[in-house]
Each structure stands twice: as C-alpha cells, then as structure tokens.
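Only the coordinates and a few stated rules stand behind these numbers; no lab work does. None of these values were measured; they are calculated from a predicted model. Please note: Cβ atoms are built from the backbone with ideal geometry, for glycine as well, and neighbour counts cover all protein chains shown.
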Amino acid sequence: MNEIEIVENWLSSFARNIPNDVLDNHVLGDCNFLWHIFTWGKVACLAGDEARAAFDKQKYKSAIMFCNGYSRNGVPQIDKLDLIEKIDASKLEETDDVYVVDRNFRWTYVHTHEEQCGPYFCEKEIE
C-alpha cells in the first residue's frame, strides 16, 4: 500500500461520517493534521490515559505506522511509513504526530505533537 492509499483508507475508516466541508476546513485544509478529526469532536474516541490503555490492550502481530499527516495544498503529507511489530504506547511518547493503525484499519492510535491533544484511540464503527 502506498502513502495515498494509507491516507484514503485511514480517512474512510475513521472519518467516513464527517461532512466534506468539515474535512476540507479542519482536516485536509492547509496547516491541519489528520488527527484533527478527533480534536474537533466529530469522531468518538478515547483520549489520554484511556487511549493509551486501549491501545496497549490490542492484540496484533504487526500494524502500519506513519508519521506527520500534515496537510499542504489539501494533501496530507506522510514522512515515514513502516510496518511495525506490536508496540506499547510508552514507546511512542517521544514521537510527534505518529499514527499506528491496524492492518485492516479496524483501530488507530495517534500520538500528537500537542500535550493537550491526545493521544487518541479510535475503533472503526461497525457498519
């Protein structure tokens, strides 16, 4: 999967019920981050210690990790994309704007660069 597919899958999994105008203004617009879907209260998620605990409880052998998610010209930029083995939230505390997502996009954990925002844990709504 390439960077564009990762972002598209992430957004379709966790932001699918967000109106396009909100996405365009608060997530995909210049100088915004993908994780703003959580800070604008448009997507139900866990935050802080609850998010860390939920992430640490996940059972998986590998996940997708990407960094940045910052939008320029309406396109989220990904600086780093890796397939990683199971990791604990504590290992991500020194990393800014890192996203870990289940390989099937069932859940995501995001550690932001802002102390007052996040981290966030979100599970995909069952259709």
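Some points to look at:
- Along the axis of the charge dipole computed for the stretch 3-121 (Cβ charges of +1 for Lys and Arg, -1 for Asp and Glu, origin at the Cα centre), the listed residues Q58, F14, V75 are led at the positive end by Q58.
- Among residues other than L81 with Cβ under 14 Å from its Cβ, the summed charge is -4 (Lys and Arg +1, Asp and Glu -1).
- Exposure proxy order (Cβ contacts within 10 Å, fewest to most) of S13, S62, S90: S90, S62, S13
- Nearest-20 debye value, the chain charge dipole, Cβ charges on Lys, Arg, Asp, Glu: 440 debye
- Shown for the stretch 3-121 is the translational diffusion coefficient from the Stokes-Einstein equation, using the Kirkwood radius over Cα pairs, a temperature of 20 °C and a viscosity of 1.002 mPa s: 152 µm²/s.
- Neighbour net charge for E3 - beta-carbon separation under 12 angstrom, K R +1, D E -1: -3
- Ascending count of other beta-carbon atoms within 10 Å, so fewest first, for K57, K86: K57, K86
- Helix axis angle, 3-14 relative to the chain longest principal axis, alpha carbon, degrees: 90 degrees
- The ranking of R72, R106, R52 from fewest to most other beta carbons within 10 Å of each one's beta carbon is R72, R106, R52.
- Summed side-chain charge close to W107 - residues other than W107 whose Cβ falls under 14 Å, Lys, Arg +1, Asp, Glu -1: +2
- For the stretch 34-86, chymotrypsin sites (Phe, Trp or Tyr not before Pro) meeting the loop criterion (DSSP other than H, G, I, E, B) and having at most 15 other Cβ atoms within 10 Å: W40, Y60.
- Relative contact order, percent, the stretch 3-121 [alpha-carbon distance under 8 Å, six or more residues apart]: 27 percent
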